[in-house]
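S.K.: Take this structure, written in structure tokens, and hold onto it; I'll ask about it next.
Read the figures in this text as sums done on the coordinates, not as results from a lab. The shown structure was predicted, so the numbers you read here are calculated from the model rather than taken from an experiment. As a convention, Cβ positions derive from the backbone with ideal geometry for all residues, glycine included, and neighbour counts pool all protein chains shown.
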Amino acid sequence: MAGQPGKRLGPALLALVAVLLLGAGARDAFDDWVARTDLPPLAIDTSVEVLARDGSLLRAFTVADGRWRMTPGAVDPLFVRMLVAYEDKRFYQHSGVDPLAMIRAALQSAWQGRITSGGSTLTMQVARLLENSGTGRLAGKLRQIRVALALERRLTKSAILDLYLRIAPYGGNVEGVRAATLSWFGKEPRRLTPAQSALLVALPQSPEIRRPDRFAAAAQAARDRVLERMVSTGVLDSDRARAAASEPVPVLRREFPALAPHLAERLRSADPLQKVHRTTIDAPLQRSLERLAARSVAGAGDSLSLAVVVADHQSGAIIASVGSPDWTDDRRAGFIDMTRAIRSPGSTLKPFVYGLAFDEGLAHPETLIEDRLTAFGTYVPQNFDKTFRGTIPVREALQLSLNIPVVSLTEALGPSRLIATLERAGVRAQFPGTQPGLAIALGGVGVSLQDLVQAYAALARLGAPVRLSAIPGAAEPLPQPVFGREAAWMVGDVLAGLPPPANAPRNRLAYKTGTSYGHRDAWAIGFDGKHVAGVWMGRADGAPVPGAFGGELAAPVLFDVFGRLKPALEPLPPPPPATLILPNARLPQPLRHFRPRGAVFAATDGPEVAFPPSGAEILADGPLAVKVRGGTPPFTWLANGAPVILASRARESSLPEPEPGYLNLSVIDAKGQSATATVMLSR
């Protein structure tokens, strides 16, 4: 009898064991079912981004299917709290599926006779978006549940939330919260108003019928429902929600930033797998200069183009790069990056010839040099204005951009020396044939705007070249100086004495203009103590632009560039200790007058100032006697540019008592030929 109770408990125990075994088997089968889930690809393709030096977006590119989909970055915590509170308040507690939410949704649907709320968690929504599956079929819902459970086992909550923030739809081809804030609010998602956050919570539920630019009323109503829920859940108080509800919804979709488009395209093409390209571009300056470029060509015909490069020559960082006035304007071939196009530089290479001559001891800024019709073998260059000025200081020859003096210096140096100097500055010069000729000094060579700005950076750095770059850390000093510090300083000092264009601020900007043969290219390149900038204007197809001169077309834009860059120019460096700063009369004898080697004067009948000799120091104690030798009378004399004797047939004349100081004398004969002399008058 003692064993009877045990016999009666046997079937119950067996039943319990069976239930437990069945439960364990079901659990194991369920776990195996979840574990065997084939997840969709979790590597979400995002837009390539090009960033300014402050991290702001310069330009973004759509992904392969034409959608804007961007990495979220920093997102306003209020938006995240509102999203979780509205969509999935137990997101951080459940394992992918919220049974309570599903039961609630089922009961509400049964009571109302229609679906009034969804039971999908954020994880289930991510599953649906990853597979682009619908929600109306039972098989689709079961698949979402299975994928959601598998996602929760393989990813952290923050990773799942990041996926939602990347792929949630916000209307049209906009996906992800960052693309949405840029598109609808024109701002990054790191700081949002409660109204903006509420709209972003509401949009993914019905992204097309709630698009603010098409259905503003529906968008506002959905946003306001989110705000009401936030009050009931305690995320917002009633006052903040009421204020948010009064904020209008955006009714226009904004364009994505497209600053420095040519540079951005170049960086993407060079490294297409890189998703984020950082640059040294100053976004506000870039935006300002793009507007300046568009304004500068407005009303100048449909074909005129313009390019600008600005760099910090101390660091080598390019801080602005404008490839054309409008990269979408096909009439101007705006898609061509004219900062990289090879063009004739006109007279902008002349400073490097003079720098070499200073460095070699062939000339000094106060050296006298001849500007007369001269034949260099079969090459007979002309000045731009077809006139000649006789004997003048080198300083004046460079400032007036005369051709004969610079060709004389180039012949003495050898054209290959100029090419080698440009190469040391990192310039990739292109010239016809195998050997450069004398014409390279006048622009008979091809260079790009960026390379030309890089060469002028070497001048600004007292002869020490630097490789310019818009990529952080890529700029670097180049190993060989272009010429000595003293020569570079003298070139900069001469260029700083060039008068600014009309209506430009009279700042001491060292700059040079240039106009290529046939008026195809107009240039202006300049620098101060910290920055260097270059402007090119012309047609992208290389056709002439009648009447285009660098001094009249490009120089005003260059001064405007510096005006937008900073309120005041920074001073040029002081002269290096060994710099020879003397008037002509005190220079060593070989430096007082440059005589070209091998040049044959084709014209010898022009006038010469016989007295006073240029460079002389004269006691000014009465009228100044002047004498002219050669030339065809009558003669006109100018003192410091002002006519003082008109149409005199005499070869000897007297000037009224001049003021002490430097006096620039010029005599012009009946054929328009001229000569000059500079003297120092003292009491």
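S.K.: Run the helix sum for the chain: -39,500 (n - 2.57) per DSSP H stretch of 4+ residues, divided by residue count, reported at 222 nm to the nearest 500 deg cm²/dmol.
M.R.: After summing the helix terms and dividing by the residues of the chain, the value is -11000 deg cm²/dmol.
S.K.: In a shell of Cβ-Cβ distance under 12 Å around residue 358, excluding residue 358 itself, what net charge do Lys and Arg (+1) and Asp and Glu (-1) give?
M.R.: Overall, the nearby charge balance is -3.
S.K.: Turning to a different aspect of this structure: Under 18 Å from the 7 Å Cα→Cβ point of residue 158, by amide nitrogen: which residues of segment 181-201?
M.R.: Correct set: 190.
S.K.: Which angle from 0 to 90°, rounded to the nearest 10, does the C-alpha axis of helix 216-233 make with the longest principal axis of the chain?
M.R.: For helix 216-233, the angle is close to 60 degrees.
S.K.: Here's something else I'd like to know. Would you compute the Debye intensity of the chain from its alpha-carbon atoms alone, equal scatterers and no solvent, and pass along log10 I(q)/I(0) at q = 0.07, 0.09, 0.10 Å⁻¹ to two decimals?
M.R.: Log-scaled intensity ratios, in q order: -0.65, -0.85, -0.96.
S.K.: Roughly speaking, what is the stretch gain from residue 228 to residue 430, that is 0.36 nm per residue apart minus the C-alpha to C-alpha distance, in nm to one decimal?
M.R.: Full extension of this stretch gives 65.8 nm more.
S.K.: What length, rounded to one decimal in nm, is gained on full extension from residue 648 through to residue 543, with 0.36 nm per residue of separation minus their alpha-carbon distance?
M.R.: That works out to 33.2 nm of additional length.
S.K.: Suppose R0 equals 41 Å. What FRET efficiency, 1/(1 + (r/R0)^6) with r the Cβ-Cβ distance, do residue 664 and residue 416 give to the nearest 0.05? Walk me through the intermediate numbers first.
M.R.: Values: r = 35 Å, r/R0 = 0.86.
Result of the calculation: an efficiency of 0.70.
S.K.: Output the peptides 448-456, 615-623 sorted from most to least packed, where packing is the average of other Cβ atoms within 10 Å over each peptide's residues. Intermediate results must be reported in sequence, preceding the final value.
M.R.: Values: 448-456: 26.3, 615-623: 13.7.
Per-residue Cβ counts within 10 Å, averaged per peptide and sorted highest first, yield 448-456, 615-623.
S.K.: According to a simple spin-label model (label point 7 Å from Cα along Cα-to-Cβ), what is the distance in nm between residue 386 and residue 173?
M.R.: Reported label-point gap for residue 173 and residue 386 is 5.6 nm.
S.K.: For 354, 379, 86, what's the fewest-to-most ordering of other Cβ within 10 Å of each Cβ?
M.R.: 379, 86, 354
S.K.: Continuing with this model, one more query. Using 0.36 nm per residue, how much length does the chain from residue 132 to residue 378 gain when fully extended, once their Cα-Cα distance is taken away?
M.R.: Contour length minus Cα-Cα distance gives 81.0 nm.
S.K.: In addition: Along the Cα→Cβ direction, 7 angstrom out, place labels at residue 621 and residue 329. What is the inter-label distance in nm?
M.R.: Output for this residue pair reads 6.6 nm.
S.K.: Round to the nearest 10 and give me the degree value, 0 to 90, for the angle of helix 138-154's Cα axis relative to the longest principal axis of the chain.
M.R.: With rounding to tens, the tilt is 70 degrees.
S.K.: Pairs 89/141; 386/530; 187/275: which exceed 30 Å Cα-Cα?
M.R.: Exceeds cut-off: 386/530.
S.K.: Could you give each residue of segment 370-377 its phi-based ³J(HN,Hα) in whole Hz, using Karplus coefficients 6.51, -1.76, 1.60 with θ = phi - 60°, and x for Gly or Pro?
M.R.: Taking θ as phi minus 60°, the curve returns 8, 10, 9, 4, 9, 9, 10, x Hz for segment 370-377.
S.K.: How about segment 247-332: which GluC sites (Glu not before Pro) there lie in a loop by DSSP and see at most 13 other Cβ atoms within 10 Å?
M.R.: Within segment 247-332, the qualifying GluC sites (Glu not before Pro) (loop, at most 13 other Cβ atoms within 10 Å) are 255.
S.K.: For segment 605-682, what is the per residue volume of the convex hull drawn over the alpha-carbon atoms, in cubic angstrom?
M.R.: Roughly 69 Å³ of hull volume per residue.
S.K.: Shifting gears a bit: Through the Karplus equation 6.51 cos²θ - 1.76 cosθ + 1.60, θ set to phi - 60°, convert the phi angles of segment 267-280 into ³J(HN,Hα) values in whole Hz; use x for Gly and Pro.
M.R.: These are the phi-based 3J(HN,Hα) values: 5, 5, 5, 5, 9, x, 7, 6, 8, 10, 10, 8, 9, 9 Hz.
S.K.: If I model a spin label as a point 7 Å beyond the Cα along the Cα-Cβ vector, how far apart are those points for residue 246 and residue 508 in nm?
M.R.: Those two pseudo-labels are separated by 5.7 nm.
S.K.: Take the Cα coordinates of segment 49-245, assign each an equal point scatterer, and use the Debye formula without solvent to give log10 I(q)/I(0) at q = 0.09, 0.18 Å⁻¹.
M.R.: Values returned for q = 0.09, 0.18 Å⁻¹ are -0.34, -1.40.
S.K.: Once the Cβ-Cβ distance between residue 629 and residue 471 is put in as r, and R0 is 56 Å, what FRET efficiency do you end up with, to the nearest 0.05?
M.R.: Approximately 0.40, to the nearest 0.05.
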